[in-house]
């Protein structure tokens with residue numbers, strides 16, 4: 001306003017002094033009008049900037065907040081009826097509370113590689129920023145995973161790996177070798193170093209179970225009097241695992257042990273042995289969640305009951321996916337991220353095999369079973 005008053009005083013003086021010169025006065029008035037117009041524009045621009053700047057700051061802050069809140073980790077699981085994946089999801093949601101975003105499970109009611117393919121494609125079309133796949137079929141899901149990456153999603157695996165070309169890394173609960181050998185040791189401890197053994201697995205294409213079984217078989221090679229006589233599948237379905245176990249006891253009447261690295265297959269094996277009155281006489285080791293398996297360990301039907309911490313697995317998977325989306329890791333061997341504060345602080349690194357290992361096998365016993373509620 002001071003500038004405008006000054007210009008007004010400057011421009012009104014010449015109009016008086018040159019009153020006898022109309023042309024000159026007109027020129028001065030024209031100059032005055034130009035100056036006044038410039039002042040108005042300056043004032044309008046200043047007002048606009050002063051009004052817009054706080055709005056711009058608010059928009060930026062809100063956009064950043066929305067970006068954090070809109071981060072979703074879509075966990076494509078083997079089947080929604082398996083309580084194990086409720087535990088992994090709960091871990092992911094703990095991580096989401098710590099660093100923002102959300103996590104949700106997506107899966108078929110029955111394990112199917114093709115159903116997972118359709119889910120991954122749908123999530124990619126929705127532009128979900130991060131997808132973590134627990135693969136039912138390690139090869140079938142790869143094309144869909146690659147497509148999702150081309151559409152901008154970061155795609156990793158957890159719990160059950162795909163073929164390596166489908167993902168940058170795999171978040172693994174423990175090394176496959178450790179899981180398989182641990183099951184073998186527990187079974188031998190229960191049945192002794194001789195006798196017939198059968199395996200009840202999830203399905204022929206399950207990469208994680210196949211890796212565990214390979215290590216299990218290798219561990220048992222040192223026991224010359226143990227014979228692995230059969231391997232059957234429950235297809236991640238309790239009734240099918242139950243029926244397969246009953247058939248095993250008929251087909252192999254001298255069976256001494258069963259290894260069941262499958263959830264919910266392990267409690268189904270226990271129920272089947274109870275139904276044919278062979279609980280305790282046929283020893284069992286395997287892995288599943290305590291909520292549906294613990295009672296069979298407590299009553300002696302299952303002797304070697306173990307797992308890992310699926311809540312921690314989901315937790316680390318979420319952190320890994322979010323770090324990948326934010327560019328803090330690239331997904332290469334040697335990349336790492338550190339959780340400084342949170343439920344499971346520590347450094348997590350992608351090893352030379354393209355895996356992030358989250359822990360070790362955990363045996364459940366009558367003394368510790370009450371400490372685990374998943």
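Computed from the coordinates by the stated procedures, all read-outs in this text should not be read as laboratory data. Small disclaimer: the values here were computed from a predicted structure and weren't measured. Here Cβ is always computed from backbone atoms with ideal geometry, including for glycine, and neighbour counts include all displayed protein chains.
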Report the label-to-label distance for residue 165 and residue 374 in nanometres (one decimal), using points 7 Å from each Cα along the Cα→Cβ vector.
-> 3.3 nm
What ranking of 353, 365 emerges when the number of other C-beta atoms within 10 Å of each C-beta is taken as an exposure proxy, fewest first?
-> 365, 353
Listed peptides 159-170, 134-145, 221-232 by packing density, highest first (mean Cβ within 10 Å) | 134-145, 159-170, 221-232
Order the peptides 270-279, 302-311, 85-94 from the highest to the lowest mean number of other Cβ atoms within 10 Å of their residues.
-> 302-311, 85-94, 270-279
Which three lengths, in whole Å and largest first, does segment 317-374 cover when its Cα atoms are put on their principal axes?
-> 44, 25, 16
Among 233, 315, 84, which comes first, second and so on when ranked by fewest other beta-carbon atoms within 10 Å?
-> 233, 84, 315
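Give the order of 256, 147 when sorted by the count of other beta carbons within 10 angstrom, beginning with the fewest.
147, 256
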Using 0.36 nm per residue of separation minus the Cα-Cα distance, give me the extension gain between residue 70 and residue 332 in nm, one decimal.
-> 91.7 nm
Given a Förster distance of 41 Å, the FRET efficiency implied by the Cβ-Cβ spacing of residue 149 and residue 81, rounded to the nearest 0.05, works out to 0.90
So how much slack lies between residue 121 and residue 225, counting 0.36 nm per residue of separation and subtracting their Cα-Cα distance, in nm?
-> 32.5 nm
Quick one: Kirkwood hydrodynamic radius for segment 176-307, alpha-carbon pairs, angstrom, one decimal?
-> 13.9 Å
Using a simple spin-label model with points 7 Å from Cα along the Cα→Cβ vector, what separation in nm is obtained for residue 98 and residue 340?
-> 1.3 nm
